[in-house]
Amino acid sequence: MKVYVGNLPFSVDDEKLREMFAKFGDVEEATIIKDKYSGRSKGFGFVTFTDDAAAKKAIEEMNEKDVEGRALKVNEARPMEDRPPRRDFGGRGGGREGGRSFGGPRRRF
């Protein structure tokens, strides 16, 4: 069973995530999701357990647990197709300004 772990401190890496959840059972994989450009943590990750009972125990005990001042959000991971759809910004960076991120009307100098 795969478990979603959100609201992680940015200091947590894959190994630290594995250590945090290993006490509940055999961790098959622990992965922090990172920004593809900067390599910085996005503040969430996934832990895959070999045993469903261990995953459920981890969810019970780790959800809302304080780690470095942040209350973790821990629940069963859902496949991408089961999530609500995200707003489409047309791939231009989003917003009402057609992808311009400086905010505000265009100025001529």
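The values are calculated or read from the model by the stated rules, or taken from the named source; none is laboratory data. Predicted, not measured: the structure shown is a model, and the values here were computed from it. We place every Cβ from the backbone using ideal geometry, glycine too, and count neighbours over all the protein chains shown.
Tell me which residues, restricted to the stretch 48-77, are over 17 Å from Ala22 (Cα atoms) and touching a Lys or Arg at 6+ places or on another chain (Cβ under 9 Å).
Across the stretch 48-77, the qualifying residues are Glu64, Ala71, Ala77.
Return yes when Gly104 is at pLDDT below 95, surrounded by fewer than 12 Cβ atoms within 10 Å (Cβ to Cβ) and either within 16 Å of the chain's Cα centre (by Cα) or not aliphatic (A, V, I, L, M) (or both) and no when it is not. Give the derivation first.
Working: at pLDDT below 95: yes; surrounded by fewer than 12 Cβ atoms within 10 Å (Cβ to Cβ): yes; either within 16 Å of the chain's Cα centre (by Cα) or not aliphatic (A, V, I, L, M) (or both): yes.
When the stated conditions are applied, Gly104 passes them.
Could you please give the count of residues in the stretch 5-44 that are loosely packed, with under 14 Cβ neighbours inside 10 Å, within 18 Å of Ile59 (Cβ to Cβ) and touching a Gly at 6+ places or on another chain (Cβ under 8 Å)?
Qualifying residue count for the region: 1.
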